[in-house]
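Following: one structure in structure tokens, then a few remarks.
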Amino acid sequence: MRTLSLYQEGDSIIHKIDPITKIIFVLITILIPIIMGTLNSAFAFLIISLTLVIIAGVIKKVLPIVGFTSIILVTVIIIQGLYYFNNRTPFFAIGTVVFYKEGLLYALEIILRIYSIINSVSLLMFTTKPSDLVEALVKKGLSPRIGYVFSSVLQIIPQMMSTVDTIIDAQRSRGMEVEGSFSRRIRAFIPLIGPAVISSLIDTKERAMALEVRAFNSRYKKTFLNEGTTFKYADVMQVSLISILIISIVLRFVH
Amino acid sequence: MFFMKIITVEHLKYKYPLSDKLALDDISFEIEQGEFIGIIGQNGAGKSTLCQALVGLVPNFYKGSYGGTVLVNGINVSKTEVSEVASHVGLVFQNPFNQITGSKLTVYEEVAFGLENLGLPVEEMKRRIDNVLNLLGLYEFRDKNPFDLSGGQMQRLAIAGIIAMQPEVIVLDEPTSQLDPQGSEEVFRVVQRLSEQGMTIVMAEHKMEKIAAYSDRVMLLHDGKLIDFDIPKKVFSREDIEEYGVITPVYTRICKNLDIKDENGFYPITIDEAHERLEKIL
Ligand SMILES: Nc1ncnc2c1ncn2[C@@H]1O[C@H](COP(=O)(O)OP(=O)(O)OP(=O)(O)O)[C@@H](O)[C@H]1O
Ligand SMILES: [Mg+2]
């Protein structure tokens, strides 16, 4: 079964933590370095989230993302190193091009922040089943309809893509050329749109009706088959994480 | 034996929005609890529209102009929300794939979808899910992804999702038209099992041999009108039946050509009846 989920099976302690705690953690890794605005805080959060990624056993999945982002981040180093408005102290020069210390430090801070965000978001996405994530949010008050859209899209889009594959195969078996030059592909694409759009419109109507007869718009208060990932220390962790956030705000204003 | 009316339809008329033709034209009938009703008629006769009217999707999903009343278990369906009607009468559609919610990762959870919406306690949900999965022969697939099932299994899952809500009536709109022969057979078998358990069943279907074999009574629709509603033998023995675009069961056609009738003047409709008649003659 193809789904768009990033979830990686696993039984690390991180997998057992409930989705809401993880979401709070993501928010904190984004917010605290911004609030504190120091290199140390950015560095600290990178270390923390990287450690957690390693504990969760998903580092192999995260590295390619880090690698890909690094290509983009090189431009940050160049631009800030050359043009950061506080640039004063030359650090090194390549020929006549001078890189400044202030800009490079600033770029470093941005990079540390982005890497720590990547790590913590990855931590959430790779160790949480999408269905658990959505269900946790619905339990916290997200509209069940919006929740349904998120959770069904992950499965239905791959299914629709396989419908398109079926149509392509059908057209190809009738002798249509679906590969080759760009203009040929475009020409091949047009007769595909009709059947795909019509069938998905009919499907959508039928799907909507099928949901209706299963009381999708019921006025009863929804219950949940899965009690959810009940994590013993969820409350303690959430309170601690939020306290840390508050402390960082206080510290920032005291300074 | 005391029969209770479970469905009462009176002077039902319906026109789809933007259409100037009545899709249902002054239809009245009654169905008793535990009956198996077949709906037949050619394409466009109004079978699907009638099925949807029994659960209130007509008119509440489409809007359009509506007249008359549909009562199911005493509930006026058109004046009740579809989600409320759902715990009295369920509807199974043609395409099994479109009935899978897509928001659940296992067969077990998929069945729970409707029950969660009804706000049932977890214990009750689990009891019902185990029950219907066993009844429909799906228990062994409970941890599978619904999209990984075969067509016949998926359609049985759709039926399971409906049955779990414990409606008094289940309506099936050509439940096997998109299935291969094996899948169709699986679905017919579970429908028959539900019928044996006393469930009231209404099924629109093009496979006349199945209608002949299972139905207590058959409803013949044409152009939105109810032409006949009687025991299958009588309906299939109508001399004008082919004018309504209905191809009668193959056994009926053979006997008709051979002019073999039973003592009441009806043609046999199943293989067993045909066999019995032929033996008497030969
Ligand atoms: N959504 C719609 N909007 C307008 N007209 C519709 C709509 N759906 C069906 N109709 C019309 O209503 C009439 C009855 O259609 P219905 O789908 O109930 O027939 P059916 O007996 O189920 O046919 P089939 O055997 O093809 O499934 C037809 O004339 C059809 O064209
Ligand atoms: Mg139909």
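Structural remarks
- Residue in segment B:101-110 that is farthest from the other protein chains (Cβ to nearest Cβ), counting only those that are crowded, with 24+ Cβ neighbours inside 10 Å and modelled with pLDDT of 95 or more: B:V107
- Listing of helices (runs of 4 or more DSSP H) fully contained in segment A:94-202 that carry 3 or more residues being among the hydroxyl-bearing types (S, T, Y) and away from every other protein chain (no Cβ under 14 Å): A:101-127
- Check on B:L50, at pLDDT 95 or above, touching a strand residue (DSSP E or B) at 6+ places or on another chain (Cβ under 9 Å) and open to solvent by 40 Å² or more (accessible area, probe 1.4 Å): no
- Counting residues in segment B:56-67 that are over 23 Å from A:D203 (Cβ atoms), of a type outside the set (A, V, I, L, M, F, W, C) and within 15 Å of ligand 1 (Cβ to nearest atom) gives one or more.
- Scanning segment B:68-100 for residues that are aliphatic (A, V, I, L, M), closer than 17 Å to A:I202 by Cα and more than 16 Å from ligand 2 (Cβ to nearest atom) returns a single hit, B:I100.
- Of the criteria (1) crowded, with 19+ Cβ neighbours inside 10 Å; (2) more than 8 Å from every other protein chain (Cβ to nearest Cβ); (3) without any contact (Cβ under 8 Å) to a residue 60 or more places away in the chain, which one B:F36 fails: (3)
- No other residue among B:I201, B:I211 is within 16 Å of ligand 1 (Cβ to nearest atom), away from chain A (no Cβ under 14 Å) and within 26 Å of B:P96 (Cα to Cα) apart from B:I211.
- If you go through segment B:221-232 and pick out every residue that is away from ligand 2 (no atom under 15 Å from the Cβ) and either surrounded by fewer than 20 Cβ atoms within 10 Å (Cβ to Cβ) or in a strand (DSSP E or B) (or both), you end up with 7.
- Restricting segment A:205-239 to residues that are surrounded by fewer than 12 Cβ atoms within 10 Å (Cβ to Cβ) and not aliphatic (A, V, I, L, M), the residue that is nearest to the other protein chains (Cβ to nearest Cβ): A:K221
- Scan segment B:111-159 for residues that are part of a helix (DSSP H, G or I), among the aliphatic types (A, V, I, L, M) and within 11 Å of chain A (Cβ to nearest Cβ) and the total you get is 7.
- Selection count, segment B:59-91, where residues are of a type outside the set (A, V, I, L, M, F, W, C), buried (at least 16 other Cβ atoms within 10 Å of the Cβ) and in a strand (DSSP E or B): 3
- With respect to the conditions (1) in contact with a strand residue (DSSP E or B) (Cβ under 7 Å, 6 or more places away or on another chain); (2) more than 16 Å from ligand 1 (Cβ to nearest atom), B:K225 falls short on a single one, namely (2).
- Look at (1) away from ligand 1 (no atom under 16 Å from the Cβ); (2) more than 30 Å from A:K129 (Cα to Cα) and you find that B:G102 fails only one, number (2).
- The lone exception for A:I24 - which of (1) assigned by TED's automatic domain parsing to the domain that holds A:L112; (2) exposed (fewer than 15 other Cβ atoms within 10 Å of the Cβ) it fails: (2)
- In the condition set (1) outside any strand (DSSP E or B); (2) within 16 Å of ligand 1 (Cβ to nearest atom); (3) more than 14 Å from every other protein chain (Cβ to nearest Cβ); (4) under 26 Å from A:A215 (Cα atoms), B:L18 is compliant with all but (4).
- Residues of segment B:251-282 classified as under 20 Å from B:R217 (Cβ atoms), surrounded by 14 or more Cβ atoms within 10 Å (Cβ to Cβ) and within 28 Å of the chain's Cα centre (by Cα), total: 8
- Matching residues, segment A:216-249, being under 30 Å from A:T38 (Cα atoms) and within 23 Å of the chain's Cα centre (by Cα): A:A234, A:M237, A:Q238, A:L241, A:I242, A:L245
- B:Q94, sole failed condition from (1) surrounded by 17 or more Cβ atoms within 10 Å (Cβ to Cβ); (2) more than 12 Å from ligand 1 (Cβ to nearest atom); (3) over 20 Å from B:D216 (Cα atoms): (2)
- Selection count, segment B:194-212, where residues are in a strand (DSSP E or B) and either aromatic (F, W, Y) or away from ligand 2 (no atom under 16 Å from the Cβ) (or both): 2
The values are calculated or read from the model by the stated rules, or taken from the named source; none is laboratory data. Just so you know, these numbers come straight off a predicted model, no measurement behind them. When we count neighbours, we look across all protein chains shown, and the Cβ atoms used for this are built from the backbone with ideal geometry, even at glycine. The area values use the complete protein model at the heavy-atom level, side chains included, leaving out ligands, DNA and RNA. Shrake-Rupley method; radii C 1.70, N 1.55, O 1.52, S 1.80 Å.
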